[in-house]
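The values are calculated or read from the model by the stated rules, or taken from the named source; none is laboratory data. No experiment lies behind these values; they were computed from the predicted model shown. Cβ placement follows ideal geometry from the backbone for every residue including glycine, while neighbour counts extend to all protein chains displayed.
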Amino acid sequence: MLGLLSGKVVIITGCSSGIGRAIAIECAAQGAKLVLHHIGDAQALGDIKTLRIELDQARRAAGGECACESVDIGIDITQETAGQIIVDAATKTFGEVNVLVHNAGIAQFEDFVRVSRPQLKRHMDINFGGPFFLSQAVVQQMITQGRGGSVVSIASVTATFGASQLAHYAATKAAVLGMTASCAVGLGRYGIRFNAVSPGTIETAMNSKDLAGAKRDLMEAHVPLGRLGMPEDIAKPVAFLASDMARYVTGQNLIVDGGATLNYQ
Ligand SMILES: NC(=O)c1ccc[n+]([C@@H]2O[C@H](COP(=O)([O-])OP(=O)(O)OC[C@H]3O[C@@H](n4cnc5c(N)ncnc54)[C@H](O)[C@@H]3O)[C@@H](O)[C@H]2O)c1
């Protein structure tokens, strides 16, 4: 079977739900071997079980002859040793790591003046510390392998354009963009590419409360493509950036928002 990610070992964080789940399914359809990171609670363990069935279905639907090879690893991304534990799971199972997708994240809507220090720290630890320290572990592995690699981070349009009640969250995603640009510059010599995908409003558990009621219609009306995003809308650009199709693309932030952030008038 030929796919964009045929035979590549892809780590995806926080992939039991939402956008991460869709990325896992797209990568399975594109022929990847998967390291399915999740938070490790009972809900995530159950969700990973059903995800595995969907991965096989996606692989077969794409013409694959065997099931999708995968291993799952449940650990809070803020734990000190999480990065190395995830890399060890990948190398023990598959012998290498070729692609890393930073997807795990949280977003609690809160008025700027009410955001507490612990709340800000938690957002920073998960949304930025997680990608930062996991990148360190993966990059060291990729340098040892000597064949380059691709790191794709799920950032957010809020990093560039802001959002009411999300100053603390937007700052973590701006930090991810800073890391992306700096690592692209610093690690290009090893053939390691760093890129980001910045989603607009995508319908997932993360924003289901915020989108209840009139706000949903308002936001939908604002999108030139006429609808809010779905997790699959993010998964396909991620697969492209992860793949060798994007072999000369590094340090970029691809906005995937149906045109919403251009629509200012
Ligand atoms: N939904 C949107 O509109 C939107 C827009 C822009 C960016 N994003 C980003 O997309 C990514 C995925 O979000 P989603 O919308 O699919 O929401 P989601 O809540 O379905 O997914 C987030 C995932 O991260 C995991 N996670 C959270 N904290 C963790 C931790 N400490 N350790 C390990 N895993 C942890 C969760 O278990 C969950 O599986 C996030 O980084 C989010 O910031 C989402």
Give me a count of the residues in region 102-133 that are closer than 19 Å to G251 by Cα and more than 10 Å from the ligand (Cβ to nearest atom).
-> 3
Of A170, A196, A184, which residue is within 14 Å of the ligand (Cβ to nearest atom), over 15 Å from the mean Cα position of the chain (by Cα) and either under 12 Å from S135 (Cβ atoms) or of a type in the set (A, V, I, L, M, F, W, C) (or both)?
-> A170
In the set L166, L211, which member is under 22 Å from L262 (Cβ atoms) and touching a Ser or Thr at 6+ places or on another chain (Cβ under 7 Å)?
-> L166
Residues of region 1-46 being within 16 Å of the ligand (Cβ to nearest atom), among the charged types (D, E, K, R) and over 12 Å from the mean Cα position of the chain (by Cα), which ones?
-> E26, D41
So, of the residues in region 61-78 that are charged (D, E, K, R) and at pLDDT 95 or above, which turns out to be surrounded by the fewest Cβ atoms within 10 Å (Cβ to Cβ)?
-> D76
Sort out which residues of region 208-265 are aliphatic (A, V, I, L, M) and without any contact (Cβ under 8 Å) to a residue 12 or more places away in the chain, and write them in order of number.
-> A212, A214, L218, A221
For region 126-214, which helices (runs of 4 or more DSSP H) that fit wholly inside it have 3 or more residues that are touching a helix residue (DSSP H, G or I) at 6+ places or on another chain (Cβ under 8 Å) and hydrophobic (A, V, I, L, M, F, W, C)?
-> 130-145, 167-187
Has region 181-189 got any residue that is of a type in the set (G, A, S), in contact with a strand residue (DSSP E or B) (Cβ under 6 Å, 6 or more places away or on another chain) and modelled with pLDDT of 95 or more?
-> yes
